[in-house]
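The values are calculated or read from the model by the stated rules, or taken from the named source; none is laboratory data. The structure displayed is predicted, hence computed values, not measured ones. Cβ coordinates were reconstructed from backbone atoms using ideal geometry, including for glycine residues, and neighbour counts include every protein chain displayed. Areas reflect the complete protein model, heavy atoms only, side chains present, ligands, DNA and RNA absent. Shrake-Rupley method; radii C 1.70, N 1.55, O 1.52, S 1.80 Å.
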Number of protein chains: 2
Amino acid sequence: MTLWGGIEGGGNKFVCAVGTGLGNIVSEAIFDTLTPEVTIGQIVNFFTEQQQHLGPLKGIGIGSFGPIDLHPNSPTFGSITTSPKLDWAQTDLAGMIKNSLHVPVAIDTDVNAAAIAENKWGAAKGLDTFIYLTVGTGIGGGAMINGELVHGLLHPEMGHIMVPHDFAKDPFTGNCEFHHNCLEGLASGPAIEKRWGGKADELSNDHPAWSLEAEYLALGVVNYIYTISPQRIIMGGGVMRRTQLFPLICQNVLDMLNGYIQLPEIVKSINDYVVPPALGSKAGVLGAIALARRMF
Amino acid sequence: MTLWGGIEGGGNKFVCAVGTGLGNIVSEAIFDTLTPEVTIGQIVNFFTEQQQHLGPLKGIGIGSFGPIDLHPNSPTFGSITTSPKLDWAQTDLAGMIKNSLHVPVAIDTDVNAAAIAENKWGAAKGLDTFIYLTVGTGIGGGAMINGELVHGLLHPEMGHIMVPHDFAKDPFTGNCEFHHNCLEGLASGPAIEKRWGGKADELSNDHPAWSLEAEYLALGVVNYIYTISPQRIIMGGGVMRRTQLFPLICQNVLDMLNGYIQLPEIVKSINDYVVPPALGSKAGVLGAIALARRMF
């Protein structure tokens, strides 16, 4: 059996797996996101040991936080560039993995990887134009359009769009260090905690945090609908595990569209249009494996 | 010589042309946008006469205001759907042209048509991922991503994104009949006129209207950059003929990005990143001809 490696690089942890895809993960390991030297060292050790036990991997895919240089002809292809995680800025993530393990390596954003996994095995099966959004320590979006992942000049950084912010209603100034009150600065997990002064996990379901959160996320969803016209929007990440957000977001989206878009896929079945990932928290690492498989 | 027809359908006028593309337009006619019966009748008469003089057209392309049903398998394919121009809602524009002239007809949005023309002959030559934005009686955007036009579930309606609006600084409530203060409601030509109480054409270059306009348009540009990561953004339409807007928009975009995006294509050459259409006001009708040519 041909085996593949997958690496999901996140702000808090790196998830590594060996297998072929959904339903067939042979081994898995999770490492805290420390310095690149320490964490990448742990990852390399994991895959080295796995290859000793299981035989050589045909390829490794990486879905990582970014921004990442994804231009194949660039001298810094596969590097994390200007990340707010300063230890990781200018880290040649793909190159370090490839040079240590001598295995072909593919890399894309964590959210593009999750998008591929959901397209192959999950909530975006049969679709060619959709968005995978994650709402957690940050907000990020991956997109497939006409069957191809979107990169463009860099890759989408959807969480950083500017949205209306009523300071009278919500005096919190936002916590994005680049843009203050962009969507991520208003609606990421850390923004919720800073605004309300408590762990998001510990806020009760009827805390006013959630209706405000749903409004901001709906503004993002509406802007993505108008900009890309996706067939579906998948919303994952730690914050979206508060599933009461989904009906709140859906109602806000309909209110904000206000009849301008009359497609039945949206107005008649919004709960099937804005959905959680079918693969749950596995979308990232499964997508990384799918990225590896796409090399061949 | 194989000849093609192009129809650019706008809120104020329909531009019709016969030819092969840039530099070879054999004949042209412009009709006011009245009722569908009257205007489509004039268009059909024009092309009928042209075919009598020049021989049969191989195909006709239409780039039209919308929303338009662009799903090939839909029973209402080629119809204008829920347009704010009420006379035109539910008008089978493509069907009426095709059935009257018995010529193959292609249809897309006016902005997707302009995007194709700029890609083939203008400011987007050699690019595969870019946006064509028009700022005039409305605000609309077409997009090519990875070399393909974006349609998705419907097609982009980029002008209707929600952007920050500081009521203390700008008390105008916006004039979009669906969303009030979406980007179109704040920054279209009619919004400028309603806010300042005078024809936009008659406002002097140093009128405060333009710095405010540039701020709103820059918010749009920034949101499109973060959502799609285009290689270039082309901005046309009547309002953008006030070319002093370009440097103002560019400076605002850089200020708003605030160093998060450090791509030299943006930060070192923003004036080559946000640009006017190379084809000027001809982009739409040339794109319509290009749409016709793409059928074969």
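So the values come out like this:
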quantity: Count of residues meeting criterion [open to solvent by 10 Å² or more (accessible area, probe 1.4 Å), within 8 Å of chain A (Cβ to nearest Cβ) and assigned to a loop (DSSP other than H, G, I, E, B)] in segment B:157-178; calculated: 4
quantity: Segment A:111-132, subset in contact (Cβ under 8 Å) with a residue 24 or more places away in the chain and assigned to a loop (DSSP other than H, G, I, E, B), residue nearest to A:LEU279 (Cα to Cα); calculated: A:GLY122
quantity: Any hit, segment B:98-111, residues being facing chain A (nearest Cβ under 10 Å) and of a type outside the set (A, V, I, L, M); calculated: no
quantity: Residue ID - farthest from B:THR76 (Cα to Cα), chosen from residues in segment A:255-279 that are at pLDDT below 95 and surrounded by 15 or more Cβ atoms within 10 Å (Cβ to Cβ); calculated: A:TYR260
quantity: Test result for A:LEU186, within 14 Å of chain B (Cβ to nearest Cβ), assigned to a helix (DSSP H, G or I) and on the phi < 0 side of the Ramachandran plot; calculated: yes
quantity: Hits in segment B:133-154 (condition: in contact with a Gly (Cβ under 9 Å, 6 or more places away or on another chain), assigned to a strand (DSSP E or B) and open to solvent by less than 20 Å² (accessible area, probe 1.4 Å)); calculated: B:LEU133, B:VAL135, B:ILE139, B:GLY140, B:GLY141, B:GLY142, B:ILE145, B:LEU149
quantity: Selection within segment B:67-92 - over 18 Å from B:ALA292 (Cα atoms) and in contact with a helix residue (DSSP H, G or I) (Cβ under 8 Å, 6 or more places away or on another chain); calculated: B:ILE80, B:ASP87, B:TRP88, B:THR91
quantity: Selection within segment A:90-105 - assigned to a loop (DSSP other than H, G, I, E, B) and either hydrophobic (A, V, I, L, M, F, W, C) or under 18 Å from A:ASN45 (Cβ atoms) (or both); calculated: A:THR91, A:HIS102, A:VAL103
quantity: Filter result for the condition that a residue is under 16 Å from the mean Cα position of the chain (by Cα), acidic (Asp, Glu) and either at pLDDT below 95 or part of a strand (DSSP E or B) (or both), over B:ASP108, B:ASP87; calculated: B:ASP108
quantity: Which listed residue is in contact (Cβ under 8 Å) with a residue 60 or more places away in the chain, under 25 Å from A:VAL222 (Cβ atoms) and not β-branched (Val, Ile, Thr), from B:GLY220, B:GLY238; calculated: B:GLY220
quantity: Meets criteria (within 14 Å of chain B (Cβ to nearest Cβ), surrounded by fewer than 24 Cβ atoms within 10 Å (Cβ to Cβ) and either in contact with a Lys or Arg (Cβ under 6 Å, 6 or more places away or on another chain) or farther than 24 Å from A:GLU8 by Cβ (or both)) for A:LEU212; calculated: no
quantity: Any hit, segment A:227-249, residues being more than 11 Å from every other protein chain (Cβ to nearest Cβ), of a type outside the set (Ser, Thr, Tyr), open to solvent by less than 30 Å² (accessible area, probe 1.4 Å) and at positive phi; calculated: yes
quantity: Some residue of segment A:280-295 being open to solvent by less than 30 Å² (accessible area, probe 1.4 Å) and more than 24 Å from A:ALA113 (Cβ to Cβ); calculated: no
quantity: Count of residues meeting criterion [within 14 Å of chain B (Cβ to nearest Cβ) and in contact with a Leu (Cβ under 6 Å, 6 or more places away or on another chain)] in segment A:112-138; calculated: 1
quantity: Enumerated strands (runs of 3 or more DSSP E) restricted to segment B:1-79, each holding at least 3 residues that are surrounded by fewer than 23 Cβ atoms within 10 Å (Cβ to Cβ), in contact with a Cys (Cβ under 8 Å, 6 or more places away or on another chain) and not basic (Lys, Arg); calculated: B:24-32
quantity: Members of segment A:133-166 that are touching a residue at least 12 places away in the same chain (Cβ under 8 Å) and under 30 Å from B:PRO171 (Cα atoms); calculated: A:MET158, A:GLY159, A:HIS160, A:ILE161, A:MET162, A:VAL163, A:PRO164, A:HIS165
quantity: Any chance A:TYR260 is closer than 25 Å to B:ASN181 by Cα, among the hydroxyl-bearing types (Ser, Thr, Tyr), within 12 Å of chain B (Cβ to nearest Cβ) and touching a residue at least 24 places away in the same chain (Cβ under 8 Å); calculated: no
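Okay, residues lined up against (1) of a type outside the set (D, E, K, R); (2) modelled with pLDDT of 95 or more:
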position	(1), (2)
B:GLU177	no, no
B:LEU186	yes, yes
B:GLY189	yes, yes
B:ALA200	yes, no
B:LEU203	yes, yes
B:VAL222	yes, yes
B:ILE228	yes, yes
B:GLY238	yes, no
